Amino acid sequence: MSVTHLTSRDYIRQPWKNGGGTTTELDAHSEDGARLWRVSIADVAASGPFSDFSGFERTLMLLEGHGMVLAFDQGPEVQLDRPFAPFTFDGAWRTGCRLIDGPVRDFNLMVDRERARGTMEVAWLGRTVTRPRRADWTLVYALAGAVDVRVGPSPFRLERGDLLRLDGASEEPLSFSGHGVDPAVAIVEVRRQRL
């Protein structure tokens with residue numbers, strides 16, 4: 001098992017090709033020259049189409065702003081206007097985004113559908129939360145407040161916007177405790193598809 005603590009100094013920011021916003025890559029993993037998963041934050045400045053990510057499952061979660069409406073060629077529209085509520089869809093779907101009332105910021109998980117499965121959940125830390133860790137990768141992102149994460153005997157302090165990456169499954173549980181107003185974390189787990 002390895003543990004990596006990432007902060008805003010480690011993230012990579014880049015503009016969208018269509019000029020509709022910017023993406024900040026928090027972390028990613030590739031194998032055999034192909035991207036397996038990525039977590040990022042998008043600043044969406046204008047309504048418009050989403051990029052085609054065929055082959056990837058996408059999970060979006062509103063962080064800031066009044067929200068957006070996603071229109072798909074494969075199903076009904078979905079309104080994302082509640083912060084910290086993940087929504088998952090196929091990256092191959094042709095997707096249009098309509099901002100409800102000004103720019104938004106959202107948290108993104110993209111996972112290769114053929115080679116892995118990913119999940120995202122939010123834990124509110126009004127008390128200490130302990131959970132097992134069985135995924136190949138576990139990513140903990142501090143959404144609000146400061147968060148103490150304990151991996152076995154080792155403690156880590158995450159400030160808002162920090163990311164903790166844990167590689168490899170382990171019998172050692174994770175525990176979280178928060179500080180400040182309504183502390184919360186996003187917990188992302190990615191598991192390889194095994195034949």
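The numbers here are math on the coordinates, done by the rules we state, and not lab data. Nothing here was measured: the structure is a model prediction, and the numbers come from that model.
Hey, what does the equivalent ellipsoid look like for the stretch 55-130, semi-axes from the Cα gyration tensor as sqrt of 5 times each eigenvalue, largest first, whole Å?
So the three semi-axes of the stretch 55-130 are 22, 20, 9 Å.
Taking every Cα atom in the chain, find the radius of gyration and the maximum pairwise distance Dmax, and write them in Å.
16.6, 49
Any idea what diffusion coefficient the stretch 36-96 gets from Stokes-Einstein, in µm²/s, Kirkwood Rh on alpha carbon pairs, 20 °C, 1.002 mPa s?
Working: Rh = 12.3 Å.
Diffusion coefficient, whole number: 175 µm²/s.
Using the eigenvalues of the Cα gyration tensor, what equivalent ellipsoid semi-axes result for the stretch 1-106 when each is taken as the square root of five times the eigenvalue, whole Å, largest first? Let's see the in-between values first.
Values: eigenvalues 111, 58, 36 Å².
After diagonalising the Cα gyration tensor, the semi-axes are 24, 17, 13 Å.
In Å, the Kirkwood hydrodynamic radius of the stretch 114-181 over pairs of distinct alpha carbons? Let's see the in-between values first.
On the way: mean 1/r = 0.0796 Å⁻¹.
Across the stretch 114-181, the inverse of the average 1/r is 12.6 Å.
Once amide H atoms are placed 1.01 Å from N in the peptide plane, what residues at a sequence separation of 5 or more from residue 67, or on another chain, have their amide H within under 5 Å of its amide H?
Answer set, sorted by chain and number: 100, 101.
How many angstrom separate the Cα center of the stretch 76-138 from the Cα center of the stretch 139-165?
18
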